[in-house]
Amino acid sequence: MTHRVAIVGAGPSGFYAADGLLRSRPDLHIDVIDRLPTPFGLVRAGVAPDHQGTKAVVRQFDRLLAQPDLRFAGNIEIGRDLSWDDLLEAYDAIIVATGMVVDRKLGIPGEELPHVWGSWRLVAWLNGHPDFRAGPDLSQVKSVAVIGNGNVALDVARVLAKSAEEMAKSDIVPEAEAAIVAAPITDIHVIGRRGAEHASFTNNELAEMGRLVRAVSVADASVLQAVAPAEDPTPEKLRKGKNIDTLKGFAAHKPGEKPVTVHFTFHAAPTKIQPGEVVLSSGSVKADLVVTCIGYTGQPFPQGEGIFPVGWARRGPTGTIPTNRADSHAVAQQVLAWLKDRDPKSGPDVLPVAVDAAGWHRIDKHEIAAGTAVGRPRVKLTDWQALLDVAQSG
Ligand code: NAP
């Protein structure tokens, strides 16, 4: 008999937790449960489709799926197929790695208008999440307002600004790509409610905005003057200083130099959204599409003994994928300490029939083959039934 651990959520924090557990206790039985038939959570659905280098982290997780005592159980929804109580009864510990997948709200008038999209919904569409198959109508969109000054705002602005050639090696879903290519976008406003020195962009991502083929990034030099130089020694100040330097470079560009202009606008809190316009504390911008990139909230899960949240479910929606490695490994140590003095439970296996690792690998193979045919990393299946049919086709 050995201990059994359920990890709910097959995203990075869940897999890093499994990794942390197996490094010390390779004898453990671990079930990684997800409501989707596909693993990898935010890497598959949230990382921008043109950032394939970031997505390559899944190779590490795929190696874990090959471990004999780690089962992937996809297409299992807690609350529909199993309850939290079922899990508590059957497993010695539960790790909650459900992330944060609900767009936060601005709480301003006009937010419910149909041209206002949360970044989770938009990026999930770009990434072929089966629950988000409908995208915005981009056919008349000339001007876009991207609200927020984090990396998600940059992801959204960049993917809308890139040319078809720049997206050619991405795994953006073909419908989204066709809609973006056909859209008459000329202006994208990336809007921060505070000053540039408070933006949470990482510098690599911001600098990438200066290298786009069909878009020029511009910023207002007057708001960038009084900020710390890049030599400031702390990593956070160094990042901010580098960002200011990058933005000062953007300030030397001219709007309209390329077909699309990305305007970095600061000290501009949105106060109202109306058709065709976002009203800001400092004026207004035209916007046929508004994308809010202001963070996420999660769904409730039970608290108590034997339940261990990790990743964004534990800390909130901050930190990059590598941040989750250390975080999940630390939680794995707590789980191991909890298991140490407990006898393993001996009840029956409660997992319903699921999409297992072999089923996922059939989906993976199918998508990669479809991608190879058109020179892309993969073409994703976006329909629930198609995913299940391919998973069960073996
Ligand atoms: P974030 O970095 O926390 O940025 C959220 C932005 O929303 C902030 O600029 C915040 O402004 C703004 N905001 C919040 N409420 C607002 C309101 N009511 N009105 C106007 N603006 C508002 O979060 P994120 O961009 O969603 O990214 C989440 C995490 O994923 C971050 O840790 C990020 O680095 C990471 N990520 C990394 C990558 C990458 O490495 N390439 C890509 C995507 C995401 P204030 O600062 O004023 O609150």
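Extension gain, residue 238-residue 24: 0.36 nm per intervening residue step, less the Cα-Cα distance, totals 73.4 nm. Taking Cβ atoms as reference points and 12 Å as the exclusive limit, the residues near residue 360 contribute a net charge of -1, counting Lys and Arg as +1 and Asp and Glu as -1.
With R₀ fixed at 22 Å, the C-beta to C-beta distance from residue 386 to residue 169 puts the FRET efficiency at about 0.40.
A Förster distance of 25 Å, applied to the separation of the beta-carbon atoms of residue 225 and residue 112, puts the FRET efficiency at 0.05. Derived scalar couplings between HN and Hα for region 383-388 equal 9, 3, 5, 4, 4, 5 Hz in order, rounded to whole Hz, by the Karplus curve 6.51 cos²θ - 1.76 cosθ + 1.60 (θ = phi - 60°), x for Gly and Pro. A crude spin-label estimate for the pair residue 254 and residue 105, with each label 7 Å from Cα along the Cβ direction, gives 4.5 nm.
Suppose the chain between residue 140 and residue 204 were pulled fully straight at 0.36 nm per residue; how much longer would it get relative to their current alpha carbon spacing?
19.9 nm
By the rule of a C-alpha distance below 26 Å, with chain neighbours fewer than 8 residues away ignored, the lysines paired with residue 380 are 55, 162, 169, 365. Annotation: extensible slack from residue 274 through residue 369 equals 29.8 nm (criterion: 0.36 nm per residue apart, minus Cα-Cα distance). Only bridges whose two residues both fall in the chain count here: according to DSSP, what percent of them are antiparallel, nearest 5? The antiparallel fraction comes to roughly 25 percent. A cut-off of 5 Å between modelled amide H atoms, ignoring neighbours fewer than 5 places along the same chain, links residue 189 with 144, 145, 146, 263.
Take the Cα of residue 337, step 7 Å toward its Cβ, do the same at residue 60, and the gap between the two points is 2.3 nm. Shape analysis of region 91-133 places it in the oblate category; the axes a ≥ b ≥ c from the Cα gyration tensor give an a/c of at least 1.5, with a/b not above b/c. Note on the chain: helix-only mean residue ellipticity at 222 nm, from DSSP H runs of 4+ residues weighted -39500 (n - 2.57) and normalised by residue number, equals -10000 deg cm²/dmol. Taking the longest Cα principal axis of the chain as reference, the axis of helix 235-251 is set at about 40 degrees.
Readers should treat all values here as calculations from the given coordinates under stated rules, not as data from a laboratory. No experiment lies behind these values; they were computed from the predicted model shown. Here Cβ is always computed from backbone atoms with ideal geometry, including for glycine, and neighbour counts include all displayed protein chains.
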